[in-house]
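Read-outs throughout are calculated quantities, based only on the coordinates presented, and are distinct from any laboratory measurement. Quick caveat: nothing in here was measured; it's all calculated off a predicted structure. Here Cβ is always computed from backbone atoms with ideal geometry, including for glycine, and neighbour counts include all displayed protein chains.
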Amino acid sequence: MRNEKDTGRLIFDILIVDDVHANLKVLGDILKGEGYKVRPTLNGMQALQAAEREKPDLILLDIMMPEMNGYEVCRRLKEIPDMRDIPVIFISALNGTDDIVKAFSVGGIDYITKPFKSEEVRTRVSTHLKVSWQQRELKRLNDEKDKFISIIAHDLRGPMGGIMGLSQIMADEKRSYSDSAKKEMSATLHKTAVNVYNLLEQLLNWSKIATGHIDFNPQKLVLKENVDKILLIFSESSKEKSISLTTNISEDIRVNADHDMIETILRNLISNAIKFTNPGGSVSVSSQPDDNNMVMITVKDSGIGMNSSMTENIFRIDVNTKRPGTNGELSTGMGLLLCQGFIEKHGGKLKIVSEEGIGSEFSFSIPQYLDI
């Protein structure tokens with residue numbers, strides 16, 4: 001399943017398995033007429049290979065095929081963890097009760113007998129795609145809810161406990177503190193409060209994205225001005241770690257972007273780059289227009305990098321990929337999720353290239369502003 005770029009409409013991918021060319025054509029024509037992406041395969045082995053290459057949203061599966069029948073195809077498919085949730089509709093000339101029961105017992109979700117009616121195929125396919133999509137959305141929302149609970153329970157409890165403990169110490173009238181000690185405690189208290197506020201702000205923005213309740217106001221922006229503004233914010237923290245900040249962005253580049261969102265994206269990516277770069281390292285921000293009226297922006301660092309497992313799971317809310325920075329800086333794990341949501345709102349994608357011990361590149365695309 002993918003989103004059609006211009007309209008945001010969902011395009012469902014359907015795999016058809018039948019050893020008769022005529023059946024593949026008829027079914028393919030019916031489903032293409034409904035706007036589905038259709039992949040025809042002539043036997044069970046081809047179907048399994050096609051499903052592993054690109055996971056389909058639904059499979060229409062014949063039973064009577066040479067070498068491997070439909071029952072065996074479905075059984076093998078359901079043994080693959082990532083494929084178990086694919087709805088399989090059997091479509092066969094077999095119409096005995098035992099045949100139908102067996103189809104359901106191996107994992108089928110529905111059964112259509114041949115000769116089939118076009119309207120029946122369209123209706124059943126549409127129904128099961130809708131149910132499957134709703135189930136995936138429900139799982140996504142539940143995962144996000146669990147992430148919220150985890151963050152609130154863990155990431156907020158720690159700093160809030162620190163604030164309460166430190167404020168209690170400062171309020172203790174029985175003890176006296178030097179001016180330097182008071183100043184140090186006040187600074188720590190303020191820093192902790194800022195971290196809590198930033199986390200709450202990220203949670204709020206993330207919840208707005210998840211529920212579709214966030215305002216999106218793209219406008220003409222001079223990219224270099226926005227990048228320079230964010231780099232100025234991090235000038236002190238980069239100096240503390242002796243990290244050089246450089247840019248390679250043309251002053252002529254204009255983007256069509258939401259001001260607050262683009263600044264949030266840049267702020268998070270540059271902050272992460274500094275956080276996970278060792279003292280004496282470097283962070284650079286560059287941009288490059290492409291042929292699709294988009295601008296690719298890249299934040300590159302010479303930091304500690306990530307292994308393949310971490311890059312694969314970094315956007316999964318059910319997998320903990322948090323780690324402290326090179327100077328022990330805290331991480332909520334929310335920043336990149338927020339960036340991903342904002343970038344997708346602009347019709348772009350966030351890409352990661354990273355090598356452990358070498359550094360990371362975070363690249364994302366946003367639309368150019370075109371004077372028409």
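Return the long-range amide H neighbours of MET65 (sequence gap of 5 or more, or a different chain), with a cut-off of under 5 Å between placed amide H atoms.
Those qualifying (amide H under 5 Å, at least 5 residues apart or on another chain) are GLY70.
Treat every Asp and Glu Cβ in the chain as -1 and every Lys and Arg Cβ as +1, leave all other atoms uncharged, and give the resulting dipole magnitude about the Cα centre to the nearest 20 debye.
Numbers: 46 positive and 52 negative charges, 122 e Å.
My answer is approximately 580 debye.
Quick check on the exposure proxy: order VAL222, VAL194, VAL295, VAL121 from fewest to most C-beta atoms within 10 angstrom.
Working: VAL222 15, VAL194 11, VAL295 23, VAL121 19.
Neighbour counts put them in this order, fewest first: VAL194, VAL222, VAL121, VAL295.
With charges set only on the Cβ (+1 for Lys and Arg, -1 for Asp and Glu), what does the dipole of region 217-372 come to about its Cα centre, in debye to the nearest 20? Please list the in-between numbers first.
Working: 15 positive and 20 negative charges, 63 e Å.
Approximately 300 debye in magnitude.
Could you give each residue of region 350-365 its phi-based ³J(HN,Hα) in whole Hz, using Karplus coefficients 6.51, -1.76, 1.60 with θ = phi - 60°, and x for Gly or Pro?
Once rounded to whole Hz, the list reads 9, 10, 10, 10, 8, 9, 4, x, 10, x, 9, 10, 10, 10, 9, 10.
Positive end of the charge dipole of region 1-114 (Lys, Arg +1 and Asp, Glu -1 on Cβ, about the Cα centre): tell me which of ILE91, ILE11, VAL38 has its Cα farthest that way.
ILE11
Which of the pairs LYS183/LYS241; LYS37/LYS349; LYS25/LYS114; LYS239/LYS275; LYS183/LYS239; LYS220/LYS345 have their Cα atoms more than 20 Å apart in this structure?
Details: LYS183/LYS241 23 Å; LYS37/LYS349 22 Å; LYS25/LYS114 15 Å; LYS239/LYS275 12 Å; LYS183/LYS239 23 Å; LYS220/LYS345 16 Å.
Violating the 20 Å limit, Cα to Cα: LYS183/LYS241; LYS37/LYS349; LYS183/LYS239.
Please sort through the DSSP H helices of the chain and keep those with an alpha-carbon extent of at least 20 Å along the long axis and a Kyte-Doolittle average not below 1.6. Provide the component values of the computation, followed by the final result.
Values: long enough: 118-150 (48 Å, -1.29); 157-171 (21 Å, 0.55); 179-211 (48 Å, -0.27); 259-275 (24 Å, 0.13).
Long hydrophobic helices here: none detected.
Which of THR298, THR246 has the fewest other C-beta atoms within 10 Å, and how do the rest follow up to the most? Could the numbers behind the result be given before it?
Working: THR298 17, THR246 11.
By the 10 Å Cβ count, ascending, the order reads THR246, THR298.
Please list 3J(HN,Hα) in residue order for region 292-301, calculated via the Karplus relation 6.51 cos²θ - 1.76 cosθ + 1.60 where θ = phi - 60°; whole Hz, with x for glycine and proline.
Running phi through 6.51 cos²θ - 1.76 cosθ + 1.60 with θ = phi - 60° gives 10, 6, 10, 10, 8, 10, 10, 10, 10, 10 Hz.
What does the charge count near PHE234 come to, summing +1 for each Lys or Arg and -1 for each Asp or Glu among other residues with Cβ under 13 Å from its Cβ? Numbers along the way, then the final one.
On the way: positive: LYS229, LYS239, LYS241, ARG267, LYS275; negative: ASP228, GLU236, GLU240, GLU263, ASP301, GLU329.
Neighbourhood net charge equals -1.
Length gain on complete extension for the stretch ILE100 to THR113, per 0.36 nm per residue less the alpha carbon to alpha carbon distance? Spell out each step's value before the answer.
Working: separation 13, 0.36 × 13 = 4.68 nm, distance 0.94 nm.
Value of the extension gain: 3.7 nm.
Using Cβ counts within 10 Å as a stand-in for footprinting exposure, how do LEU27, LEU60, LEU269, LEU370 rank, fewest first? Provide the component values of the computation, followed by the final result.
Details: LEU27 22, LEU60 28, LEU269 25, LEU370 9.
Listing LEU27, LEU60, LEU269, LEU370 from fewest to most nearby Cβ atoms yields LEU370, LEU27, LEU269, LEU60.
If you take every DSSP beta bridge whose two residues both sit in the chain, what share of them, in percent to the nearest 5, is antiparallel?
Numbers: 29 of 50 bridges.
Percentage antiparallel, nearest 5: 60.
Any of LYS130/LYS300; LYS182/LYS300; LYS55/LYS351 with alpha carbons more than 32 Å apart? Name them for me. List each step's numbers first, then the result.
Details: LYS130/LYS300 41 Å; LYS182/LYS300 39 Å; LYS55/LYS351 21 Å.
Where the Cα-Cα span goes over 32 Å, the pairs concerned are LYS130/LYS300; LYS182/LYS300.
Which one, ILE343, MET296, GLY328, projects farthest toward the positive side of the charge dipole computed for region 253-372 from Cβ point charges (K/R +1, D/E -1)?
GLY328
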